[in-house]
Amino acid sequence: MEGLEFIFFNKALAERFRHFVSNLGIASQVRKDEMEGVIVELADEIEDEMSDAIDVEYDSLMKEQMVLAETDGGG
């Protein structure tokens with residue numbers, strides 16, 4: 001699958017994101033990243049409306065990831 005890639009450094013957040021896109025009917029794959037992260041890759045062809053919803057969810061999870069990194073001493 002070659003498509004849109006979203007990186008996470010917290011596996012639980014990556015799984016939440018994958019579940020979110022699955023509920024939208026979008027197929028995804030998860031793989032490890034070279035920098036100890038997790039990449040969730042989505043199909044390349046996504047409608048604009050769904051793409052906007054995905055971006056909002058990803059931004060929200062990134063904010064949560066930043067808070068987690070700060071509380072774990074990683075920020």
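The values are calculated or read from the model by the stated rules, or taken from the named source; none is laboratory data. Only a predicted model underlies this, so the values are computations on that prediction, with no experimental measurement involved. Neighbour counts are summed over all protein chains in view; Cβ atoms, including those assigned to glycine, are modelled from backbone coordinates with ideal geometry.
Write out, first by first residue and then by second, each pair whose Cβ atoms fall under 8 Å of each other, whose residues are 6+ apart or on separate chains, and whose first residue, in region 1-14, is surrounded by fewer than 15 Cβ atoms within 10 Å (Cβ to Cβ) and of a type in the set (Lys, Arg) while the second is outside any loop (DSSP other than H, G, I, E, B) and modelled with pLDDT under 95.
Once the first residue is surrounded by fewer than 15 Cβ atoms within 10 Å (Cβ to Cβ) and of a type in the set (Lys, Arg) and sits in region 1-14, its partners that are outside any loop (DSSP other than H, G, I, E, B) and modelled with pLDDT under 95 give Lys11/Val38.
For Gly25, all conditions in the list (1) surrounded by 11 or more Cβ atoms within 10 Å (Cβ to Cβ); (2) without any contact (Cβ under 8 Å) to a residue 24 or more places away in the chain; (3) part of a loop (DSSP other than H, G, I, E, B); (4) of a type outside the set (Phe, Trp, Tyr) hold save one; what is the number of the exception?
Tallying (1) surrounded by 11 or more Cβ atoms within 10 Å (Cβ to Cβ); (2) without any contact (Cβ under 8 Å) to a residue 24 or more places away in the chain; (3) part of a loop (DSSP other than H, G, I, E, B); (4) of a type outside the set (Phe, Trp, Tyr), Gly25 fails exactly one: (1).
Considering only region 48-75, how many residues are surrounded by 13 or more Cβ atoms within 10 Å (Cβ to Cβ) and among the acidic types (Asp, Glu)?
Summing the residues that are surrounded by 13 or more Cβ atoms within 10 Å (Cβ to Cβ) and among the acidic types (Asp, Glu) in region 48-75 gives 2.
Can you tell me which condition Val40 does not meet? The list is (1) among the β-branched types (Val, Ile, Thr); (2) assigned to a loop (DSSP other than H, G, I, E, B); (3) touching a helix residue (DSSP H, G or I) at 6+ places or on another chain (Cβ under 6 Å), and all the others hold.
(2)
Among the residues of region 42-75, which ones are closer than 18 Å to Ala12 by Cβ and of a type in the set (Asp, Glu)?
Result: Glu57, Asp59, Glu64, Glu70, Asp72.
Just checking, does region 18-39 include any residue being at pLDDT 90 or above, touching a strand residue (DSSP E or B) at 6+ places or on another chain (Cβ under 6 Å) and aromatic (Phe, Trp, Tyr)?
The answer is no, given that none of the residues of region 18-39 is at pLDDT 90 or above, touching a strand residue (DSSP E or B) at 6+ places or on another chain (Cβ under 6 Å) and aromatic (Phe, Trp, Tyr).
When region 7-20 is examined, which residues are found to be part of a helix (DSSP H, G or I) and either basic (Lys, Arg) or out of contact with any Asp or Glu (no Cβ under 8 Å at 6 or more places or on another chain) (or both)?
Lys11, Ala12, Ala14, Glu15, Arg16, Arg18, His19
Have a look at Met50, Met66, Met62 and point out the one that is touching a helix residue (DSSP H, G or I) at 6+ places or on another chain (Cβ under 9 Å) and free of Cβ contacts under 8 Å to residues at least 12 places away in the same chain.
Met62
Looking at (1) exposed (fewer than 13 other Cβ atoms within 10 Å of the Cβ); (2) among the charged types (D, E, K, R); (3) in a strand (DSSP E or B), which one does Glu45 not meet, given that it meets all the others?
Every listed condition holds for Glu45 apart from (3).
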